[in-house]
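Worksheet: one structure, shown below.
What follows is calculated from the coordinates using simple rules that are stated; it is not laboratory data. All values reported here derive from a predicted model rather than from experimental measurement. Cβ coordinates were reconstructed from backbone atoms using ideal geometry, including for glycine residues, and neighbour counts include every protein chain displayed.
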Amino acid sequence: MALPSTGLSAFARLLAQSPAHCCKRRTLFGLNVKINKAGGAWKQRCCSYSILLSRASVCCSTQKGNMSVSHQNSQSKIDGKKSMCPNSTRSTHTGIPGDDFLFRQLLEYKSYTYTYLLADTHSMEAILIDPVIDTVDRDVRLVKDLGLKLIAAANTHVHADHITGTGELKKRVPGCLSYIAEVSGAQADVKVKEHDIIKFGRFQLEARSTPGHTDGCMTYVWHEKGMVFTGDALLIRGCGRTDFQQGSASTLYDSVHQKILSLPEHYCVFPAHDYTGQTMSTVGEEKQFNPRLSKPKSEFVEIMTKLNLPYPKQIDVALPANLVCGVFDVPTGPAV
């Protein structure tokens with residue numbers, strides 16, 4: 001697979017959207033990569049990162065030179081030299097339609113909520129995780145544009161900062177079922193329990209109960225692609241608050257360490273929110289750098305107790321609606 005001689009901006013965007021793992025310390029793709037086009041040859045520098053582009057992998061080193069791409073399970077090369085990155089063939093995602101799967105990370109900017117679209121590009125069956133009522137139009141349009149069959153809309157928990165879009169999606173997409181943790185007490189077509197499996201095409205998500213932010217927090221793990229959707233239990237360099245909705249700092253600490261940080265360190269972490277402009281992390285990074293959850297349990301509990309966070313602005317509207325699948329006093333939009 002040869003790199004194109006044109007389309008620098010498109011390729012740069014592709015790299016920016018693709019997670020990667022550092023050879024010495026597995027981590028996510030950094031912003032310090034520079035790509036230049038000189039004499040028809042593509043060149044780049046980075047700090048010993050292996051950038052995995054689905055079926056092909058590009059290995060970067062601190063060297064300069066022509067960059068070629070090798071197919072999966074073969075060594076990447078730079079200037080004909082063997083890759084310096086021993087893990088360069090590890091499979092991850094790109095979100096490129098036409099591969100065996102599709103992945104999109106979507107943002108609702110008012111509550112800084114991430115909605116995730118996952119699909120099997122053979123069966124075209126798709127799942128949405130944590131849809132928001134305010135962006136249902138966008139989500140339905142994207143599903144339709146991509147020719148997907150939306151079969152499930154799953155919430156990681158009963159949200160307090162926005163109204164879920166699952167109820168509205170069910171109205172507008174025939175055959176779409178809503179999912180939420182059984183222990184949450186909320187209405188849904190499917191009440192999810194520990195280790196339940198949500199299937200879409202040839203893929204599946206494993207449900208892991210991760211209470212502490214709320215009793216009904218559920219983390220979804222996509223083992224085939226090394227992704228974990230953590231809701232509010234684990235955020236990038238943070239975690240969900242524990243001072244309302246049955247919250248417990250002690251329970252959250254145990255949940256995250258036993259159910260999420262016990263996963264392989266290269267698994268990519270995708271939270272329900274981020275307020276600092278970050279999009280993803282890894283299990284290994286959060287174990288090492290999370291300023292709360294990297295601490296001993298007693299210190300974590302003390303940190304959470306002293307946060308003194310303000311009352312959530314949308315909680316009085318969001319909670320009643322989300323307990324009934326987000327359809328509480330919400331107008332119905334046009335069907336697809």
Neighbour-count ranking [beta-carbon atoms within 10 angstrom, fewest first] of Leu307, Leu102: Leu307, Leu102
Reachable aspartates and glutamates, given that their alpha-carbon falls under 15 Å from the alpha-carbon of Lys313 and they are not under 8 places away in the same chain: Asp161, Asp243
Provide Arg104, Arg292, Arg141 in ascending order of the number of other Cβ atoms located within 10 Å of each residue's Cβ, fewest first. Arg141, Arg104, Arg292
Between Ser262 and Gln187, with labels modelled 7 Å along Cα→Cβ, what's the label distance in nm to one decimal, could you check? 3.5 nm
What's the local net charge at Ala233, with K and R +1, D and E -1, over the other residues with C-beta under 13 Å away? -1
Rounded Å value of the spacing that divides the Cα centres of segment 151-222 and segment 108-129: 12 Å
Virtual spin-label span in nm between Leu107 and Leu146, 7 Å along Cα→Cβ: 1.8 nm
Compute the whole-percent fraction of alpha carbon pairs in segment 101-322 spaced more than 28 Å apart. 23 percent
I want the local charge near Lys199. Using Cβ-Cβ distances under 10 Å, sum +1 for each Lys or Arg and -1 for each Asp or Glu among the other residues. -1
Please sort 273-280, 312-319 by packing, taking for each peptide the average over its residues of neighbouring beta carbons within 10 angstrom, highest first. 312-319, 273-280
Which FRET efficiency value, to the nearest 0.05, is calculated for Gln288 and Lys171 with the Förster distance at 45 angstrom and r the Cβ-Cβ distance? 0.55
